[in-house]
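Notes follow the structure.
The values are calculated or read from the model by the stated rules, or taken from the named source; none is laboratory data. Keep in mind it's a predicted model, so treat the numbers as computed, not measured. As a convention, Cβ positions derive from the backbone with ideal geometry for all residues, glycine included, and neighbour counts pool all protein chains shown. To get the accessible areas, we keep the full protein, side chains included, count just its heavy atoms, and leave off ligands, DNA and RNA. Shrake-Rupley method; radii C 1.70, N 1.55, O 1.52, S 1.80 Å.
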Amino acid sequence: MTALGKEQQLLDVEKRFWDAMKTKNADVAGQMTDDKCIVVGAQGVSAIDPQTMSKLTTEGKWELQQYSFDPKNSQVRFVGDDVAIVAYKVNERVVVDGKTLPIEANDSSVWVRRDGEWLCALHTESLAGDPYGRDRRA
């Protein structure tokens, strides 16, 4: 497979994971999650297993209505044959507490291939904006 083909494969994997969140497909979300997957975001740092990811996908009090990221502006780096990093800017529309919110964020995932399947070992999401949070202060 060409380098571009490998990069596209990882972008497709990332999209499949997002699609599982959007459709609340707990089986796919769990199957794509590595054991002790680290998740980093505004809520803090945690490590979750596939079963917890499945539960969070179905029981989460949120709805991902829409997401988009431009593959042309994404970064994919293979650290080895079975480890890859994917990073991109994402635009989301989520419903939380009955309110629809637009979110612009910068995300990254580390994928490891185990037994031929890509599994998410790390996912981060950083809200876009001023790096010091000055745009969020009252």
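Residues in the stretch 77-100 that are more than 15 Å from the chain's Cα centre (by Cα) and among the charged types (D, E, K, R) were compared, and the one that is farthest from ALA121 (Cα to Cα) is LYS99. With respect to (1) among the small types (Gly, Ala, Ser); (2) within 21 Å of SER126 (Cβ to Cβ); (3) at pLDDT below 95, the lone exception for SER74 is condition (3).
Give the residues of the stretch 101-115 that are more than 14 Å from the chain's Cα centre (by Cα) and either farther than 18 Å from VAL28 by Cα or of a type in the set (Phe, Trp, Tyr) (or both), sorted by residue number. Selection gives LEU101, PRO102. Of the residues making up the stretch 16-41, just one is free of Cβ contacts under 8 Å to residues at least 12 places away in the same chain and either surrounded by 20 or more Cβ atoms within 10 Å (Cβ to Cβ) or within 22 Å of LEU127 (Cα to Cα) (or both), namely ASP19. Within the stretch 20-29, the set of residues being over 10 Å from the mean Cα position of the chain (by Cα) and assigned to a helix (DSSP H, G or I) comprises ALA20, LYS22, THR23, ALA26, ASP27, VAL28, ALA29.
Residue-by-condition table, conditions (1) touching a His at 6+ places or on another chain (Cβ under 7 Å); (2) open to solvent by 30 Å² or more (accessible area, probe 1.4 Å); (3) aliphatic (A, V, I, L, M):
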{"site": "ASP49", "(1), (2), (3)": "no, yes, no"}
{"site": "MET53", "(1), (2), (3)": "no, no, yes"}
{"site": "GLN66", "(1), (2), (3)": "no, yes, no"}
{"site": "ASP70", "(1), (2), (3)": "no, yes, no"}
{"site": "PHE78", "(1), (2), (3)": "no, yes, no"}
{"site": "VAL83", "(1), (2), (3)": "no, yes, yes"}
{"site": "TYR88", "(1), (2), (3)": "no, no, no"}
{"site": "TRP111", "(1), (2), (3)": "no, no, no"}
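Just one of the listed residues (GLU104, GLU117) is acidic (Asp, Glu), open to solvent by 30 Å² or more (accessible area, probe 1.4 Å) and in contact (Cβ under 8 Å) with a residue 40 or more places away in the chain, namely GLU117. The condition of being touching a strand residue (DSSP E or B) at 6+ places or on another chain (Cβ under 6 Å) and assigned to a helix (DSSP H, G or I) holds for only one of GLU7, GLU63, that being GLU7.
Being in contact (Cβ under 8 Å) with a residue 24 or more places away in the chain, farther than 16 Å from PHE17 by Cα, open to solvent by 30 Å² or more (accessible area, probe 1.4 Å) and within 16 Å of the chain's Cα centre (by Cα) is a property that LEU127 has.
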